Amino acid sequence: MENPNQTTHINTDSLKASDEAVKFLLDYSKSYSVVKSRGLVFERNLN
Amino acid sequence: MELHVDDASLIRKYLKGDERSLESLIDRHNQRIFNFIYSKVFDREVTEDIFQDTFIKVIRTLKLGKYNEEGKFLPWVMRIAHNLVIDYYRKSNRMPRYEGSSEFHVFSVMQDDTLNAEKQLIRDQISSDVSGLVYKLPEEQQEVIRMRMYQNMSFKEIAEKTGVSINTALGRMRYALINLRKLIEENQIVLTD
């Protein structure tokens, strides 16, 4: 039977996004741009 | 001495083309946002995916010039993360399951859960509002709230992890709840569904 007093221990120190995930976001940001032309908005992603 | 640059200034610099400002923003809020998502999905890989999706949305919204919540960057990002968590659960439960009994009961796969969904949305909104308020508390009170409410740790474990006595941990929890109540009143958040 499940113990109602059982607790889950999580080491919060290591709980953060990985360096790879952050690098992906920074690369995405650099490659992503918005172009406005004749009242239209275009999103552009250059890889 | 390192000067503290607020989120709004970093956003302005980022929109002027300073990509390092985005790195500072992600770095500053990485742990809080990651923990927030993890506390809902309890899976590191899913958390990482949702974290990335959250910031992709942040980047797009900022560059499209649609961000208008100056000074409230973190609660805004938390709301995006929260909505993506809801999307994740919706997608995982979208397919009806057929258990393989000899009789097929159409009502076992067709049910009107509109009311439940609405209630859940309201609960999620309340949870999101309260999560946003938690970050206004002093650091040691945030910590005890996070460990107790989101990570389900006992006060003994909290005391051990934070290096204080159980009484101190209990006291911090007490003041955290008192302060949260004040913040809820000040922000006029309704806690009933």
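Specify which residue in the list B:82, B:25, B:41 is farthest towards the positive end of the charge dipole of segment B:1-92, using unit charges on the beta carbon of Lys, Arg (+1) and Asp, Glu (-1), about the Cα centre. Of the candidates, B:82 comes out farthest on the positive side. What does the charge count around residue B:172 come to, taking other residues whose C-beta lies under 11 Å from its C-beta (Lys +1, Arg +1, Asp -1, Glu -1)? In short, -1.
Rounded to the nearest 0.05, what FRET efficiency is calculated for residue A:33 and residue B:170 with R0 set to 35 Å and r the Cβ-Cβ distance?
On the way: r = 52 Å, r/R0 = 1.49.
Between residue A:33 and residue B:170 the formula returns 0.10.
Buried between A and B is an accessible area of approximately 2600 Å², summed over both sides with a 1.4 Å probe.
My understanding is that a pair violates if its Cα-Cα distance is over 28 Å; which of A:30/B:66; A:36/B:91; A:30/B:72 do that in this structure? Before the final figure, lay out each step's value.
Numbers: A:30/B:66 18 Å; A:36/B:91 34 Å; A:30/B:72 24 Å.
In this structure, A:36/B:91 exceed 28 Å between Cα atoms.
The length gained by stretching the chain between residue B:45 and residue B:61 to full extension, at 0.36 nm per residue less their Cα-Cα distance, is 3.3 nm. With a Förster radius of 22 Å applied to the beta-carbon distance between residue B:72 and residue B:188, the computed FRET efficiency rounds to 0.90.
Relative to the compact globular guide of 2.2 N^0.38 Å, what is the alpha carbon radius of gyration of segment B:12-70, as a ratio?
So the Cα radius of gyration is 1.21 times the expected 2.2 N^0.38 Å.
Note on residue B:126 and residue B:92: with the Förster distance fixed at 22 Å, the Cβ-Cβ geometry gives a FRET efficiency of about 0.50. Ordered by 1.4 Å accessible area with all protein chains kept, B:45, B:23 run largest first as B:45, B:23.
Here the dipole of segment B:1-92 is about 360 debye; that uses its Cα centre as origin and unit charges on the Cβ of Lys and Arg (positive) and Asp and Glu (negative).
The values are calculated or read from the model by the stated rules, or taken from the named source; none is laboratory data. Values in this document were obtained by computation on a predicted structure and should not be read as measured data. So basically every Cβ, Gly included, is an ideal-geometry build from the backbone, and we count neighbours across all protein chains shown. Calculation scope for accessible area: heavy atoms of the full protein, side chains included, ligands and nucleic acids excluded. Shrake-Rupley method; radii C 1.70, N 1.55, O 1.52, S 1.80 Å.
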